[in-house]
Amino acid sequence: VFGCLIPFLDKPVHVDDANFLRLAEGAQADFWRPHEVMINWQGSTQRAFDVLSNPPGIAWVLSPVTDKPVWFQHLWMWPWVLMALWGMGRLGKVFVGQREASILILGLSPLFLLAAQGLTPDIPLLACATAGLGGFLSHRKSSSVYALLAGCAVLFRYSGVCMIPLVLLAGMLTKRTVSALFSALPLAALLLHDWHAYGELH
């Protein structure tokens, strides 16, 4: 999988990458309020909070590397790729008894490879979702930690909120409902952050 990504290490910043790098510059200026940065949106300069419909997670991840070469920025995202692949392996082992086959089938899919070569929230979102749910289903002793990780998907895209009912369902089916409740903590923290940082919910 990583061999397929090597040719794209020097892929120029384009499309949505630029938006998230600008948001990361906002995190450099004020780590707690990255959405306060101004951005040119469809010809007019506006506050990122008003036009970018994404949580601050990707801004926090990219903020240390905004001034680095593009190849380094892409390498910076590779730990998330590795985490996503690990999660796919855990899910494959749990559901079909095939760890390596699941990694290869999902990890070599066009959708995955396209997301993995971008500087967007997609790979961190997928990593939190697959590693969190896969870990929750396969590691009973640390299921609270993995439920929390699955819930962290919401820090990258608001659609990550769908992991909460999924983990709760998994918790009820495996008699670990209390552990599954940890998946809601990142959403609660994000709402409190937005209220404190901006005085409104994003």
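What to note about this one:
- Selection from the stretch 105-137 of residues that are surrounded by fewer than 17 Cβ atoms within 10 Å (Cβ to Cβ), free of Cβ contacts under 8 Å to residues at least 60 places away in the same chain and either assigned to a helix (DSSP H, G or I) or of a type in the set (Lys, Arg) (or both): Ile105, Pro110, Leu111, Leu114
- Trp80 vs. criteria assigned to a helix (DSSP H, G or I), open to solvent by 50 Å² or more (accessible area, probe 1.4 Å) and under 22 Å from His196 (Cβ atoms): no
- For the stretch 178-202, the tally of residues that are in contact with a helix residue (DSSP H, G or I) (Cβ under 9 Å, 6 or more places away or on another chain), free of Cβ contacts under 8 Å to residues at least 40 places away in the same chain and open to solvent by 60 Å² or more (accessible area, probe 1.4 Å) stands at 6.
- Of all residues in the stretch 3-42 being under 27 Å from Trp86 (Cα atoms) and in contact with a Phe, Trp or Tyr (Cβ under 7 Å, 6 or more places away or on another chain), the one that is least open to solvent (accessible area, probe 1.4 Å): Leu9
- The set of residues in the stretch 83-103 being without any contact (Cβ under 8 Å) to a residue 12 or more places away in the chain, assigned to a helix (DSSP H, G or I) and open to solvent by 70 Å² or more (accessible area, probe 1.4 Å) consists of Phe95, Val96, Arg99, Glu100.
- So Thr66, is it exposed (fewer than 13 other Cβ atoms within 10 Å of the Cβ), at negative phi and not aromatic (Phe, Trp, Tyr): no
- In the stretch 157-174, the residue that is most open to solvent (accessible area, probe 1.4 Å) out of those that are over 30 Å from Leu119 (Cβ atoms) and of a type outside the set (A, V, I, L, M, F, W, C) is Thr174.
- Per the conditions (1) closer than 19 Å to Gly199 by Cβ; (2) modelled with pLDDT of 90 or more, the sole criterion not satisfied by Val13 is (1).
- Failed criterion for Phe2 (all others in (1) in contact (Cβ under 8 Å) with a residue 40 or more places away in the chain; (2) farther than 17 Å from Leu111 by Cα hold): (2)
- Helices (runs of 4 or more DSSP H) fully within the stretch 1-77 counting 3 or more residues that are closer than 20 Å to Gly118 by Cα and among the aliphatic types (A, V, I, L, M): 16-29, 57-62
The values are calculated or read from the model by the stated rules, or taken from the named source; none is laboratory data. Note that this is a predicted model, so its numbers are computed, not measured. Glycine also receives a Cβ, built like all others from the backbone with ideal geometry; neighbour counts cover every protein chain displayed. Just the protein is used for accessible areas: all its heavy atoms, side chains included, with ligands, DNA and RNA removed. Shrake-Rupley method; radii C 1.70, N 1.55, O 1.52, S 1.80 Å.
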